[in-house]
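Presented below is the structure to which this report refers.
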Amino acid sequence: QQPVQSPQAVILREGEDAVINCSSSKALYSVHWYRQKHGEAPVFLMILLKGGEQKGHEKISASFNEKKQQSSLYLTASQLSYSGTYFCGTGLISNFGNEKLTFGTGTRLTIIP
Amino acid sequence: DGGITQSPKYLFRKEGQNVTLSCEQNLNHDAMYWYRQDPGQGLRLIYYSQIVNDFQKGDIAEGYSVSREKKESFPLTVTSAQKNPTAFYLCATALGGRTDTQYFGPGTRLTVL
């Protein structure tokens with residue numbers, strides 16, 4: 001039931017682009033993306049909803065393929081501040097009325113100067 | 001100052017002792033969640049509550065207990081039945097709808113000696 005994230009880790013030079021993927025075996029209603037710095041709380045980045053609605057960060061984009069139950073987070077022209085671990089949290093259609101998220105194991109992104 | 005408070009930040013306990021972790025919020029959010037985070041395993045849901053005086057088990061509820069007597073408070077007790085309690089514990093809140101963002105507290109790092 002836990003979504004699968006790929007890659008598990010990636011190292012980029014400042015200014016390069018990255019794509020982080022999240023895949024579920026269950027029918028999804030929503031995908032939530034968070035970034036966590038070491039020892040800190042996760043910080044909300046974006047929500048993608050079934051039907052195409054998106055809410056979130058101005059400088060980060062993402063996609064949600066409803067047929068494949070997959071989401072991708074796109075980080076362009078990466079900055080040092082983008083370093084951290086990225087988590088996707090998935091909301092299942094079957095959980096209607098009993099809302100909870102199931103999180104992936106994370107993708108560790110390291111940006112080097 | 002609005003937000004989510006978790007106390008203490010670091011907690012040490014002897015094996016066999018019960019310990020209660022505090023989570024308080026003044027965001028007027030209906031839903032509250034407890035997650036456990038271990039290295040390389042992402043966020044795993046322990047318990048959640050969508051309304052006062054009601055809560056549901058998450059994916060790893062064994063060895064934990066909660067109460068929700070007030071909207072603002074959702075304490076988590078780690079009992080002696082939890083076999084491996086050393087972890088980083090995160091509390092989160094949300095308005096309560098299925099498209100709502102979850103906001104995380106700063107976390108409590110529990111070490112059982």
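Report, in debye and to the nearest 20, how large the dipole of chain B comes out about its Cα centre when Lys and Arg carry +1 and Asp and Glu carry -1 on their Cβ.
Values: 12 positive and 11 negative charges, 63 e Å.
That gives chain B a dipole magnitude of about 300 debye.
What whole-number value in Å² describes the accessible area per residue of chain B for a 1.4 Å probe?
On the way: 5420 Å² over 113 residues.
Roughly 48 Å² per residue, with all protein chains present.
Using 28 Å as the Cα-Cα cut-off, could you pick out the over-long pairs in A:Lys67/B:Lys57; A:Lys37/B:Lys70; A:Lys55/A:Lys100; A:Lys59/B:Lys9; A:Lys59/B:Lys71? Kindly include the intermediate steps, with their values, before the conclusion.
Values: A:Lys67/B:Lys57 30 Å; A:Lys37/B:Lys70 31 Å; A:Lys55/A:Lys100 18 Å; A:Lys59/B:Lys9 31 Å; A:Lys59/B:Lys71 34 Å.
Among A:Lys67/B:Lys57; A:Lys37/B:Lys70; A:Lys55/A:Lys100; A:Lys59/B:Lys9; A:Lys59/B:Lys71, the Cα-Cα distance tops 28 Å for A:Lys67/B:Lys57; A:Lys37/B:Lys70; A:Lys59/B:Lys9; A:Lys59/B:Lys71.
Modelled label-to-label distance, A:Asn65 and B:Gln17, 7 Å Cα→beta-carbon offset: nm?
The modelled label-to-label distance comes out at 5.2 nm.
For the pairing of chain A with chain B, what total accessible surface becomes buried, with a 1.4 angstrom probe, in square angstrom to the nearest 100?
2100 Å²
Have a look at the stretch B:83-113 and report residues whose accessible surface goes down by 40 Å² or more when the remaining protein chains are included, against the chain on its own, probe 1.4 Å, ligands and DNA/RNA excluded.
So the qualifying set is B:Arg98, B:Thr99, B:Thr101, B:Gln102, B:Phe104.
Quick check: Cα centre of the stretch A:48-93 to Cα centre of the stretch B:48-113, how many Å?
Cα centroid of the stretch A:48-93 versus Cα centroid of the stretch B:48-113: 25 Å apart.
Based on the Cβ-Cβ distance of A:Asp17 and A:Gln54, what FRET efficiency does E = 1/(1 + (r/R0)^6) give at R0 = 22 Å, to the nearest 0.05? Numbers along the way, then the final one.
Details: r = 19 Å, r/R0 = 0.87.
The pair A:Asp17/A:Gln54 has a calculated efficiency of 0.70.
Assign unit charges at the C-beta atoms only (+1 for Lys and Arg, -1 for Asp and Glu), then state the dipole size of chain A relative to its Cα centre in Debye, rounded to the nearest 20. Show your work: numbers first, answer last.
On the way: 11 positive and 8 negative charges, 49 e Å.
So the magnitude is around 240 debye.
Using the Cα gyration tensor of the protein assembly as shown, with a ≥ b ≥ c the square roots of its eigenvalues, what is the shape: rounded (a/c below 1.5), prolate (a/b larger than b/c) or oblate (neither)?
Numbers: a/c = 1.82, a/b = 1.39, b/c = 1.30.
Cα axes put the protein assembly as shown in the prolate bin.
Figure the gain on full extension for B:Thr5 and B:Lys57 (residue separation times 0.36 nm, minus the Cα-Cα span) and round it to one decimal in nm.
Full extension of this stretch gives 16.5 nm more.
Tell me, what is the per residue accessible area of the stretch A:1-77 in Å², probe radius 1.4 Å? Mind showing how you got there, number by number?
Values: 4280 Å² over 77 residues.
Result: 56 Å² per residue.
Tell me whether chain A comes out rounded, prolate or oblate; compute the Cα gyration tensor, take square roots of the eigenvalues as a ≥ b ≥ c, and use a/c under 1.5 as the rounded threshold. Walk me through the numbers before you get to the answer.
Working: a/c = 1.96, a/b = 1.76, b/c = 1.11.
Taking the square roots of the gyration eigenvalues as a ≥ b ≥ c, chain A is prolate.
Need one value for A:31-40: mean number of C-beta atoms belonging to other chains within 10 Å of its residues' C-beta atoms. Mind dumping the intermediate values first?
Numbers: counts 0, 4, 0, 5, 0, 6, 0, 0, 5, 3.
Average neighbour count from other chains, rounded to a whole number: 2.
Roughly how many percent of the accessible protein surface of the stretch A:1-101 is carbon and sulfur, given a 1.4 Å probe and a whole-percent answer?
Details: 2520 of 5140 Å².
Ligands and nucleic acids excluded, carbon and sulfur give 49 percent.
Restricting to Cα pairs below 8 Å that are 6+ residues apart, what does the relative contact order work out to for the stretch A:10-113? Please round to a whole percent. Intermediate results must be reported in sequence, preceding the final value.
Numbers: 229 pairs, mean separation 39.0, N = 104.
Computed value for the stretch A:10-113: 37 percent relative contact order.
Taking chain B as the region of interest, what is the percent of Cα-Cα pairs per 5 angstrom bin, listed from the shortest bin to the one with the maximum distance?
Taking all Cα pairs of chain B, the binned fractions are 2, 13, 24, 26, 19, 10, 4, 1, 0 percent.
So if I place +1 on the C-beta of Lys and Arg and -1 on the C-beta of Asp and Glu, and nothing else carries charge, what would the dipole magnitude of the protein assembly as shown be about its Cα centre? I want it in debye, nearest 20. Working shown, then result.
Numbers: 23 positive and 19 negative charges, 83 e Å.
Charge dipole of the protein assembly as shown: 400 debye, to the nearest 20.
The values are calculated or read from the model by the stated rules, or taken from the named source; none is laboratory data. None of these values were measured; they are calculated from a predicted model. When we count neighbours, we look across all protein chains shown, and the Cβ atoms used for this are built from the backbone with ideal geometry, even at glycine. Ligands, DNA and RNA are excluded from the accessible area calculation, which covers all protein heavy atoms including side chains. Shrake-Rupley method; radii C 1.70, N 1.55, O 1.52, S 1.80 Å.
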